[in-house]
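The values are calculated or read from the model by the stated rules, or taken from the named source; none is laboratory data. None of the values given here were measured: they were computed from a predicted structure. Here the Cβ is made from the backbone with ideal geometry for all residues, glycine too, and neighbour counts use every protein chain on show. Note: areas computed on protein heavy atoms with side chains; ligands, DNA, RNA excluded. Shrake-Rupley method; radii C 1.70, N 1.55, O 1.52, S 1.80 Å.
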Amino acid sequence: MISNDIALAVTALASGKLCAIPTETVYGLAANALDETAVARVFAAKERPADHPLIVHVACAQDVTEWITGLPKWAADLSATFWPGPLTLVGPRSDLASDSVTGGQDTVAVRVPSHPIAQELLSQLKVIGVKGLVAPSANRFGHVSPTSAKHVVADLGEYLSANGDVILDGGDCQVGLESTIVLANGPAPVILRPGAITSADIERITGVRVSNATTNFPRVSGSLDSHYSPNAKVVLIADLADADFDPKAGFLALAEVPTPAELVRLGSPVTIEDFAHELYGCLRAGDELELAKIYVVPPIGEGLAQAINDRLQRAAF
Ligand code: TXA
Ligand code: MG
């Protein structure tokens, strides 16, 4: 059922149901993190492999200490600056974090979302003793993350309505890309997944040099080579002048780039922020139009542009 009633979502989650929730990054498929049966159903709904760990969402930065046993000073500085917001910290797990949440690892991922509806929901749940929600992106495993309630319906609507679960509609997600994931169990931040909080932001706040994850670092499903993929084949275009296009394919580029002849324009973001905000919706729109290919001119630059390029490369793999 799609609803905008937070009280209904609170009741559903507290009684073991799943609820797709809006966050500022993407929609998450939430369950009470301490309810093993509900957590197992999150994996079933997404068809997600059981060893891929989940992010625990809590109402405020202080609540994180219930899940993570100790954060280095630099990570506490990040939490004070960027929470609530699109940042996930991975640190040593407390006893609250079960193997089903952590994928059996000795670390747990936690974040404090800033979306007002997610904030209100988590605060109300806390009052009745629900200490956190697991919430992977509310898409089928490997598919494009949802940035609207409509996207959630397209991927999981049938499963959720058949099981009496809820979709809480909070409009379009502002950022549009998943949170930045930072491993926080050592002397320096390691970025496991780039996002709207950039390595420059992290170095500015912590004064510590960031390292990027080498492959085979702790499992991050979003770091699988092929992920975030629409049905259409995504083809990245480095140089428009050299490109040879199949006709009637989709096209996505910054607004300043004109549409090549015979291509179907899927989006014209004006800024890099718009690009991130619209990206997943444009990829899904290509599938709705049953296009076989989507050509994308990736934005150039540091920071958020890098996070967009990370997702585009995996979508194109
Ligand atoms: O923006 C977001 O983070 C969204 C919204 C809903 O909060 N959630 C999200 O969840 O993207 P998901 O499950 O699609 O991606 C979470 C990533 C996974 O790739 C998972 O492997 C990684 O976080 N992760 C979770 N726990 C981890 C851990 N202990 N060590 C390393 N990676 C971990
Ligand atoms: Mg995901």
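Being under 24 Å from I202 (Cα atoms), open to solvent by 30 Å² or more (accessible area, probe 1.4 Å), assigned to a strand (DSSP E or B) and in contact (Cβ under 8 Å) with a residue 60 or more places away in the chain, is that true of even one residue in the range 103-123?
Within the range 103-123, not a single residue is under 24 Å from I202 (Cα atoms), open to solvent by 30 Å² or more (accessible area, probe 1.4 Å), assigned to a strand (DSSP E or B) and in contact (Cβ under 8 Å) with a residue 60 or more places away in the chain.
So V152 clears everything in (1) free of Cβ contacts under 8 Å to residues at least 12 places away in the same chain; (2) surrounded by 24 or more Cβ atoms within 10 Å (Cβ to Cβ) except one condition, right? Which one?
That leaves (1) as the condition not met.
Report, by residue number, each residue of the range 179-198 that is over 15 Å from the mean Cα position of the chain (by Cα) and surrounded by 20 or more Cβ atoms within 10 Å (Cβ to Cβ).
Of everything in the range 179-198, those that are over 15 Å from the mean Cα position of the chain (by Cα) and surrounded by 20 or more Cβ atoms within 10 Å (Cβ to Cβ) turn out to be L183, A184, P189.
If you check G91 against the conditions, is it surrounded by 20 or more Cβ atoms within 10 Å (Cβ to Cβ), assigned by TED's automatic domain parsing to the domain that holds A31 and not in a helix (DSSP H, G or I)?
On the way: surrounded by 20 or more Cβ atoms within 10 Å (Cβ to Cβ): yes; assigned by TED's automatic domain parsing to the domain that holds A31: yes; not in a helix (DSSP H, G or I): yes.
Considered against the rule, which asks whether it is surrounded by 20 or more Cβ atoms within 10 Å (Cβ to Cβ), assigned by TED's automatic domain parsing to the domain that holds A31 and not in a helix (DSSP H, G or I), G91 comes out as yes.
Being closer than 20 Å to Y27 by Cβ and open to solvent by less than 40 Å² (accessible area, probe 1.4 Å) is the filter here; which residues of the range 270-305 pass it? Explain how you work it out, then say what you get.
First, the residues of the range 270-305 that are closer than 20 Å to Y27 by Cβ: 273-288, 304.
Once the filter is applied, which keeps residues that are closer than 20 Å to Y27 by Cβ and open to solvent by less than 40 Å² (accessible area, probe 1.4 Å), the range 270-305 yields F275, A276, L279, Y280, G281, C282, L283, R284, A285, G286, D287, L304.
Looking at G207, G195, G176 in this structure, which one is within 15 Å of ligand 2 (Cβ to nearest atom), at pLDDT 95 or above, at positive phi and not acidic (D, E)?
Numbers: G207 fails: within 15 Å of ligand 2 (Cβ to nearest atom); G195 fails: at positive phi.
It is G176.
Test of understanding: among G164, G142, which residue is surrounded by fewer than 22 Cβ atoms within 10 Å (Cβ to Cβ), of a type in the set (G, A, S), touching a strand residue (DSSP E or B) at 6+ places or on another chain (Cβ under 8 Å) and within 18 Å of A45 (Cβ to Cβ)?
On the way: G164 fails: touching a strand residue (DSSP E or B) at 6+ places or on another chain (Cβ under 8 Å).
Residue meeting the stated conditions: G142.
Among the numbered criteria (1) under 16 Å from the mean Cα position of the chain (by Cα); (2) in a helix (DSSP H, G or I); (3) more than 15 Å from ligand 2 (Cβ to nearest atom), which one does A80 miss?
Just one mismatch for A80, condition (1).
State whether one or more residues within the range 132-140 are over 19 Å from Y280 (Cα atoms) and more than 16 Å from ligand 2 (Cβ to nearest atom).
Taking the range 132-140 and keeping what is over 19 Å from Y280 (Cα atoms), we get 132-134.
Add one more test, that the residue is more than 16 Å from ligand 2 (Cβ to nearest atom), and what stays is 132.
Yes.
In this structure, is A33 under 20 Å from the mean Cα position of the chain (by Cα), assigned by TED's automatic domain parsing to the domain that holds N139, open to solvent by 30 Å² or more (accessible area, probe 1.4 Å) and touching a residue at least 40 places away in the same chain (Cβ under 8 Å)? Quick ask: steps written out before the conclusion?
Numbers: under 20 Å from the mean Cα position of the chain (by Cα): yes; assigned by TED's automatic domain parsing to the domain that holds N139: yes; open to solvent by 30 Å² or more (accessible area, probe 1.4 Å): no; touching a residue at least 40 places away in the same chain (Cβ under 8 Å): yes.
Spelling it out, it is not the case that A33 is under 20 Å from the mean Cα position of the chain (by Cα), assigned by TED's automatic domain parsing to the domain that holds N139, open to solvent by 30 Å² or more (accessible area, probe 1.4 Å) and touching a residue at least 40 places away in the same chain (Cβ under 8 Å).
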